[in-house]
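First up is the structure itself, then whatever we jot down about it.
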Amino acid sequence: MRVDRFLSNLPRYNRQQVRLLLVEKRVRIDGKVVTDPHSAVLEFSRVEVDDLLLQAGKPARYFMLHKPPGCVSATRDPQHPTVLDLLDEPHKDDLHIAGRLDFNTTGLMLITNDGAWSRRLTQPQTKLPKVYYVETEQDIGADYARTFAAGLYFAFEDLTTQPAQLQVLGPRTARLSIVEGRYHQVKRMFGHFNNKVLRLHRESMGPLHLDNALKPGEYRALRTEEIHLF
């Protein structure tokens, strides 16, 4: 929200008073004086006028987790452990998952309390590539890559998948890059050839790769430069 609108929405200020506050350099966002009425106030911003605190804000939190198998990508589940159960962090109810993984799928998972950040990662328009390591029950044929690149028709959703890139690593192993997150998408793509996926592991989301130092079930906070990749 624009800072002039944020202040005008408060009962203590009218629009004329807000303009004057900005001109007189009496408004601070996150400790910095702002005079531009278009300056953004986020849910994590600390907003002050003189010595009056109008919004305390709260720290934005970003975590990378190495998701193990047998774990639900949810904040709560009555039957199974969830990925949030793996985090030893306060106020976990504020956190949510940016890009879910199936129950037995492993690998990179991002968890945050920043809704705008996670939407940039997951909205379809972004077309963020997600790379998976895949092991299959049967050999991977030469026609797989051509079919995935052309797109597969999913009757249930009545859509054709976006072009995907397949790199065959061995007779029954491959690396697949997709820009969508349809329901069981990778398994359904290989299922088109009646080839069962035995192991599925997400290695990266866009430019961010899973930290090799993290064992399954372990996590760490994202570094500043990693947060700003998106």
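What about Val47, is it among the aliphatic types (A, V, I, L, M), at pLDDT 90 or above and either under 30 Å from His184 (Cβ atoms) or touching a helix residue (DSSP H, G or I) at 6+ places or on another chain (Cβ under 8 Å) (or both)? Yes; evaluated as a whole, the condition is true for this residue.
Filtering the stretch 194-205 to residues that are surrounded by fewer than 16 Cβ atoms within 10 Å (Cβ to Cβ) and not in a strand (DSSP E or B) leaves Asn194, Lys196.
Checking the condition in contact with a strand residue (DSSP E or B) (Cβ under 7 Å, 6 or more places away or on another chain), more than 18 Å from Thr126 (Cβ to Cβ) and free of Cβ contacts under 8 Å to residues at least 40 places away in the same chain, which residue from Leu200, Leu210, Leu169, Leu229 passes?
The conditions single out Leu169.
Restricting attention to the stretch 25-55, the residues being outside any strand (DSSP E or B) and loosely packed, with under 12 Cβ neighbours inside 10 Å number 6. Scanning the stretch 125-156 for residues that are surrounded by fewer than 11 Cβ atoms within 10 Å (Cβ to Cβ) and of a type in the set (D, E, K, R) returns Asp143, Arg146. If you check Ile111, Ile140 for being touching a residue at least 24 places away in the same chain (Cβ under 8 Å) and part of a loop (DSSP other than H, G, I, E, B), only one passes: Ile140.
Scanning the stretch 165-193 for residues that are of a type in the set (Lys, Arg), under 17 Å from Thr105 (Cβ atoms) and part of a loop (DSSP other than H, G, I, E, B) returns a single hit, Arg182.
Leu121 - would you say it is of a type outside the set (Ser, Thr, Tyr) and within 10 Å of the chain's Cα centre (by Cα)?
On the way: of a type outside the set (Ser, Thr, Tyr): yes; within 10 Å of the chain's Cα centre (by Cα): yes.
For Leu121, the condition - of a type outside the set (Ser, Thr, Tyr) and within 10 Å of the chain's Cα centre (by Cα) - is met.
Quick check: is even one residue across the stretch 93-104 in the same structural domain as Ala213 (by TED's automatic domain parsing), closer than 23 Å to Ile227 by Cα, part of a helix (DSSP H, G or I) and not hydroxyl-bearing (Ser, Thr, Tyr)? Yes, the stretch 93-104 has at least one match.
The values are calculated or read from the model by the stated rules, or taken from the named source; none is laboratory data. Please read these numbers as outputs of a predicted model, since none were measured by experiment. Positions of Cβ are backbone-derived with ideal geometry, glycine not excepted, and every protein chain shown enters the neighbour counts.
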